[in-house]
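Asker: Quick one: structure below, then a few questions.
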Amino acid sequence: MAAPVSCAPCCAPCSAPLALARRPRSLRSPTLTGKVRATRGTYESGEAPMGGPGQCTPAIVASMTSKIKQELETSDVDVQPSADASCVAITVVSELFEGKDDIKRQRLVYKAIWEEMSTTLHAVDELHLRTPTERDSLQ
């Protein structure tokens with residue numbers, strides 16, 4: 001059995017195993033101490049992201065639009081970059097959204113653009129996902 005350890009300087013010794021006690025900073029994972037800096041990846045082909053991290057170029061917008069159209073089997077897709085070109089607003093009308101809640105709809109879109117999200121795109125500012133019936137009722 002492990003020797004009693006103090007949980008904090010002000011506590012009396014407790015019987016928690018040593019593994020549960022706080023690990024010294026020197027033994028912590030590099031990601032917890034900030035020594036490993038997170039960087040954006042590259043496309044599967046190995047090439048660097050177009051425009052660099054955080055820059056949404058017209059080529060990326062066209063790529064995202066075509067991927068969403070193909071994945072969601074629709075032609076009603078609008079992808080607009082923000083003023084600083086780090087984020088986008090996406091509007092999609094698809095019959096595949098019928099019977100799905102907002103989270104499932106978002107997952108379908110994010111699945112289509114995962115490559116851009118993991119490399120160059122910083123965030124999606126706005127996401128408007130509707131069925132054709134919902135679109136028609138708004139007009």
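Asker: Which count do you get for residues in segment 48-76 that are in a loop (DSSP other than H, G, I, E, B) and modelled with pLDDT of 50 or more? Talk me through it step by step, then tell me what you get.
Answerer: Of the residues in segment 48-76, the ones in a loop (DSSP other than H, G, I, E, B) are 48-57, 73-75.
Filter once more, so that each one left must be modelled with pLDDT of 50 or more: 52-57, 73-75.
So the count comes out to 9.
Asker: On the basis of being out of contact with any helix residue (DSSP H, G or I) (no Cβ under 8 Å at 6 or more places or on another chain) and either open to solvent by 70 Å² or more (accessible area, probe 1.4 Å) or farther than 15 Å from K67 by Cβ (or both), does S118 make the cut?
Answerer: On the way: out of contact with any helix residue (DSSP H, G or I) (no Cβ under 8 Å at 6 or more places or on another chain): yes; either open to solvent by 70 Å² or more (accessible area, probe 1.4 Å) or farther than 15 Å from K67 by Cβ (or both): no.
In short, no.
Condition check ((1) at pLDDT 90 or above; (2) part of a loop (DSSP other than H, G, I, E, B)) across all residues:
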{"residue": "D78", "(1), (2)": "yes, no"}
{"residue": "T91", "(1), (2)": "yes, no"}
{"residue": "G99", "(1), (2)": "yes, yes"}
{"residue": "Q106", "(1), (2)": "yes, no"}
{"residue": "Y110", "(1), (2)": "yes, no"}
{"residue": "E116", "(1), (2)": "no, no"}
{"residue": "L121", "(1), (2)": "no, yes"}
{"residue": "L127", "(1), (2)": "yes, no"}
{"residue": "D136", "(1), (2)": "yes, no"}
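Asker: Looking at segment 123-139, which of the residues that are open to solvent by 50 Å² or more (accessible area, probe 1.4 Å) and within 27 Å of A85 (Cβ to Cβ) is nearest to the chain's Cα centre (by Cα)?
Answerer: Within segment 123-139, the first condition is being open to solvent by 50 Å² or more (accessible area, probe 1.4 Å), and the residues that meet it are 125-126, 128, 130, 133-139.
From what is left, the residues that are within 27 Å of A85 (Cβ to Cβ) are 125-126, 128, 130.
Working: D125: 12, E126: 14, H128: 17, R130: 21 Å.
It comes out as D125.
Asker: Here are the criteria: (1) over 21 Å from T57 (Cβ atoms); (2) without any contact (Cβ under 8 Å) to a residue 40 or more places away in the chain. Tell me which single one K111 does not satisfy.
Answerer: (2)
The values are calculated or read from the model by the stated rules, or taken from the named source; none is laboratory data. Predicted model only: the values in this text are computed from it and were never measured. Methodologically, a virtual Cβ is constructed for each residue, glycine included, from the backbone with ideal geometry; neighbour enumeration extends over all protein chains shown. All accessible areas refer to the heavy atoms of the entire protein, side chains included, with ligands and DNA or RNA removed. Shrake-Rupley method; radii C 1.70, N 1.55, O 1.52, S 1.80 Å.
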